[in-house]
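The values are calculated or read from the model by the stated rules, or taken from the named source; none is laboratory data. Given the structure is predicted, the values throughout are model-derived calculations rather than measurements. Here the Cβ positions follow ideal geometry from the backbone for every residue, glycine too, while neighbour counts run over all protein chains shown.
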Amino acid sequence: MKKVVAIMAILLVAIFSLDLLFLNQSSRAVSPYRPDDQIGWIPKVNFHRSFTQKDLDGKEYHVNFRTYTDGFRAYGDIDSKKVKIFIIGDSFTGDPFTGNDDAYFSVMKNMLKSKFDMEIELFVIGASGYGTLQEFLIVERYAERINPDILILQFCSNDFGNNSIEIEKDQIVKNQSYFRPYLVDDNIVFIDNFMAKLFRFIYFHSRIIRRLDIIRQWIFYEIYDGYGPEVSQEERDRRKKGSISITKTIMNKFNKIGLTDTKFITFNCATDDDEATQIWKDIALDCGFLVLETPSRAFEVAEKNKHTVRHSDGGHLNILGNKITGEELAAQLANYVR
């Protein structure tokens, strides 16, 4: 085993050296993320990229993706007297599946103004793969500066697994698990073996490594027929129970940041898994969040009615899916934006 690790380390260093020799800085800077010692990875500041995406039917659409201050996709006026809404989420919120103007949060803001005559200051940040702990740490970092009137936590059912080091330590997505902080016995820890340290050192500086990692994930996905080796039903149940407990512990922390006048709201990027949805609702309500189910219910209904609401990856939302989500959020938030 030590010999295998040594060989892999030598290969990683060799590939990194090739990157330095043959790739210029711009080609290495394709990733919209940068490493962060506390959160694992965060969006780059003032990152701009225009390109074409495809929906699930293969129809192309234009994306104009941009980040601003501290990597936020929207960063309003912190000194404004308008209602300030702070949205934190994962790839559903932070990744470039639509451009900023077509994203659900922009649709929400525009509809609050046009239909309900309500103007807001919007602050939005998210990143691919984020778990609830990372989202909490982002909020904790910027809470005092922004002092939002409303905090919206965008949740996904895979966050349960993302929050568990036991579930993720054996899984194949190392570009997340090797960077992600985990909550263990109320302490923040990282997977900190030799390969994790080497991977963290090289990954964001090497486009070749990122490409090879995608291939590695695909190979192991085929081998395992999933994201990790098979475990017994008893072990799956034990890990699932633990992930639910960890998620509740993390969500309880939001109310302890010091945002005493802030309304806490959460919505889910999918509610078609009834069991996971019910668990999320129960936890959120117990932790003082207002739960909004209608945004995801609405685009799921539209999909059942044969409307194409998904990006070509089959999971994230296209322009229409974001439009439906944003409109539903605005309709719900109109009762709270004053």
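Can you pull out the residues in the range 40-80 that are aliphatic (A, V, I, L, M) and in contact with a Pro (Cβ under 7 Å, 6 or more places away or on another chain)? Reasoning before the result, please.
Step one: of the range 40-80, the residues aliphatic (A, V, I, L, M) are 42, 45, 56, 63, 74, 78.
Within the range 40-80, just Val63 meets the criteria.
Within the range 89-132, the set of residues being touching a residue at least 60 places away in the same chain (Cβ under 8 Å) and hydroxyl-bearing (Ser, Thr, Tyr) comprises Ser91, Thr93, Thr98, Tyr104, Ser106, Ser128, Thr132. Filter the range 47-70 down to the residues that are free of Cβ contacts under 8 Å to residues at least 40 places away in the same chain, assigned to a strand (DSSP E or B) and either surrounded by 13 or more Cβ atoms within 10 Å (Cβ to Cβ) or in contact with a helix residue (DSSP H, G or I) (Cβ under 8 Å, 6 or more places away or on another chain) (or both) and list them by number. Within the range 47-70, Val63, Asn64, Phe65, Arg66 qualify.
Taking the conditions (1) touching a residue at least 60 places away in the same chain (Cβ under 8 Å); (2) of a type outside the set (Phe, Trp, Tyr); (3) under 22 Å from Phe86 (Cα atoms) in turn, Gly161 satisfies each one other than (3).
Can you name the residue in the range 215-257 that is of a type in the set (Val, Ile, Thr) and more than 16 Å from Val184 (Cβ to Cβ) and is also modelled with the lowest pLDDT among such residues? Spell out how you get there, then give the answer.
Here is the first cut: in the range 215-257, the residues of a type in the set (Val, Ile, Thr) are 215, 219, 223, 231, 244, 246-247, 249-250, 257.
Next cut, more than 16 Å from Val184 (Cβ to Cβ) only: 215, 219, 223, 231, 257.
On the way: Ile215: 88, Ile219: 91, Ile223: 92, Val231: 92, Ile257: 94.
It comes out as Ile215.
Would you please name the residue that is surrounded by the fewest Cβ atoms within 10 Å (Cβ to Cβ), looking only at residues in the range 108-144 that are among the aliphatic types (A, V, I, L, M), under 29 Å from Ile250 (Cα atoms) and more than 15 Å from the chain's Cα centre (by Cα)?
Ala143
Residue pairs whose Cβ atoms lie under 9 Å apart, sitting 6 or more positions apart in sequence or on different chains, and linking a residue in the range 189-209 that is assigned by TED's automatic domain parsing to the domain that holds Ile250 to a partner that is surrounded by fewer than 17 Cβ atoms within 10 Å (Cβ to Cβ) and among the basic types (Lys, Arg), do not occur here. When each of Arg216, Arg200, Arg238 is tested for being surrounded by 17 or more Cβ atoms within 10 Å (Cβ to Cβ), among the basic types (Lys, Arg) and assigned to a helix (DSSP H, G or I), the lone residue that passes is Arg200.
Going through (1) in a strand (DSSP E or B); (2) under 16 Å from the mean Cα position of the chain (by Cα) one by one, Phe92 falls short only on (1).
Could you pull out the residue among Phe289, Phe267, Phe299 that is surrounded by 17 or more Cβ atoms within 10 Å (Cβ to Cβ), of a type outside the set (Gly, Ala, Ser) and in contact with a His (Cβ under 9 Å, 6 or more places away or on another chain)?
Numbers: Phe289 fails: in contact with a His (Cβ under 9 Å, 6 or more places away or on another chain); Phe267 fails: in contact with a His (Cβ under 9 Å, 6 or more places away or on another chain).
Step by step, each of Phe289, Phe267, Phe299 is checked, and only Phe299 is surrounded by 17 or more Cβ atoms within 10 Å (Cβ to Cβ), of a type outside the set (Gly, Ala, Ser) and in contact with a His (Cβ under 9 Å, 6 or more places away or on another chain).
Scoring Phe179 on the criteria (1) in the same structural domain as Asp77 (by TED's automatic domain parsing); (2) in contact with a Gly (Cβ under 7 Å, 6 or more places away or on another chain); (3) hydrophobic (A, V, I, L, M, F, W, C) leaves a single failure, condition (1).
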